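Take a look at the structure below.
The values are calculated or read from the model by the stated rules, or taken from the named source; none is laboratory data. Just so we're clear, the structure is a prediction, and the values are computed from it rather than from any experiment. We place every Cβ from the backbone using ideal geometry, glycine too, and count neighbours over all the protein chains shown.
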Amino acid sequence: MDGELWYGCYRLLRQVQRRCVRTPRVRYGDARIVEVFLWAVLHDRPVSWACHRSHWPAHRRREPLPSCATMSRRLRRYPVIWTLSLMQAMLRENGEGRWGQVLDGLPLPVGGCSKDPEAKAGKSSCGIARGYKVVALTTGDTALNWRLGPMNLSEPKVAQQLLTDAAAAGASGYVLGDKAFDINALHACAAMHGFVLRTYRRQPGKALGHRRHHPGRVEAIAKLEGRDPFTHHLLHYHRTDVERSFAHWGAFPGGLGPLPRFVRRPRRVALWVGAKLILHGVHARQRRRKAA
């Protein structure tokens with residue numbers, strides 16, 4: 001399974017390499033740096049592990065490998081980051097099309113004794129934890145866009161940025177979310193960009209009070225409490241099928257799981273999460289091809 005997944009990542013990287021401009025005056029091209037990084041992420045190992053020939057297949061051990069210092073320096077450069085972003089973009093283009101999107105957050109906890117100053121304490125599925133959080137706009141099993149922040153990240157504020165970027169890319173339709181996204185500002189942002197936001201109510205059964213509420217939020221509450229069958233079908237879809245999308249990100253060899261001890265600070269965490277999403281996108285595309 002790992003060999004098939006790696007072959008799919010390698011083919012995708014070669015397709016992306018044709019669209020990129022080679023960085024001048026370097027010994028190792030951007031694609032080679034990305035290849036070594038993805039090899040380490042696939043096996044849940046640090047980059048230094050992938051810089052040793054003995055950790056590669058026998059038919060690849062004759063190829064030169066960059067040093068750890070070269071990898072650390074080049075992974076900070078814009079061309080390498082652009083190559084990883086382009087790989088995610090190609091997977092989104094080939095992803096499974098859906099008529100609706102889903103907003104949700106995924107906590108990425110770290111150890112309680114971690115010295116990472118950027119890993120803040122916040123709410124997670126298991127209570128209060130320290131670490132990071134990913135807020136993503138997904139459709140089916142494809143991540144359309146995502147943002148990374150500390151564990152105490154405000155999900156509704158990040159969701160407004162995601163909807164703005166999605167509207168600029170031409171997306172529209174229904175957006176589903178849990179009760180954490182039931183705020184007036186997010187309903188206003190969704191309506192301004194042509195989305196229809198449907199969420200669970202934050203405090204069901206209580207009056208709205210005397211403050212002004214956005215018409216989109218009032219309509220969503222009326223349809224939800226009025227037992228509108230279409231609205232209940234949407235939220236049931238969110239609770240049953242879409243809640244599993246984050247589980248699918250880690251339900252295969254090399255998938256996204258708890259952050260290992262060598263992945264700390266926002267830059268490294270963002271690179272790690274982005275690489276894991278590339279692996280998930282390749283795995284999902286292979287699964288769809290087999291089903292077809």
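If only one of R201, R227 is in contact (Cβ under 8 Å) with a residue 24 or more places away in the chain and not in a helix (DSSP H, G or I), which one is it?
R201
Under the condition of being at pLDDT below 85 and among the polar types (S, T, N, Q), which residue from the range 139-169 is nearest to G281 (Cα to Cα)? Per the stated criteria, the residue is T142.
In the set G105, G95, which member is touching a strand residue (DSSP E or B) at 6+ places or on another chain (Cβ under 6 Å) and either surrounded by fewer than 20 Cβ atoms within 10 Å (Cβ to Cβ) or modelled with pLDDT of 90 or more (or both)?
On inspection, the qualifying residue turns out to be G95.
Out of V218, V282, V263, which single residue is aliphatic (A, V, I, L, M), free of Cβ contacts under 8 Å to residues at least 40 places away in the same chain and touching a helix residue (DSSP H, G or I) at 6+ places or on another chain (Cβ under 7 Å)? When all the criteria are applied, what remains is V263. The condition of being of a type in the set (K, R), in contact (Cβ under 8 Å) with a residue 60 or more places away in the chain, in contact with a helix residue (DSSP H, G or I) (Cβ under 8 Å, 6 or more places away or on another chain) and surrounded by fewer than 20 Cβ atoms within 10 Å (Cβ to Cβ) does not hold for R14.
When we screen R45, R19 for residues that are among the basic types (K, R) and either touching a residue at least 40 places away in the same chain (Cβ under 8 Å) or within 30 Å of L197 (Cα to Cα) (or both), the only hit is R19.
Give the residue that is surrounded by the most Cβ atoms within 10 Å (Cβ to Cβ), with candidates limited to residues of the range 224-273 that are among the polar types (S, T, N, Q) and at pLDDT below 80.
Step by step, filter the range 224-273, then rank; the result is S245.
Scanning the range 126-172 for residues that are part of a loop (DSSP other than H, G, I, E, B) and in contact with a helix residue (DSSP H, G or I) (Cβ under 8 Å, 6 or more places away or on another chain) yields G140, D141.
For the range 186-194, the count of residues that are surrounded by 19 or more Cβ atoms within 10 Å (Cβ to Cβ) and outside any helix (DSSP H, G or I) is zero.
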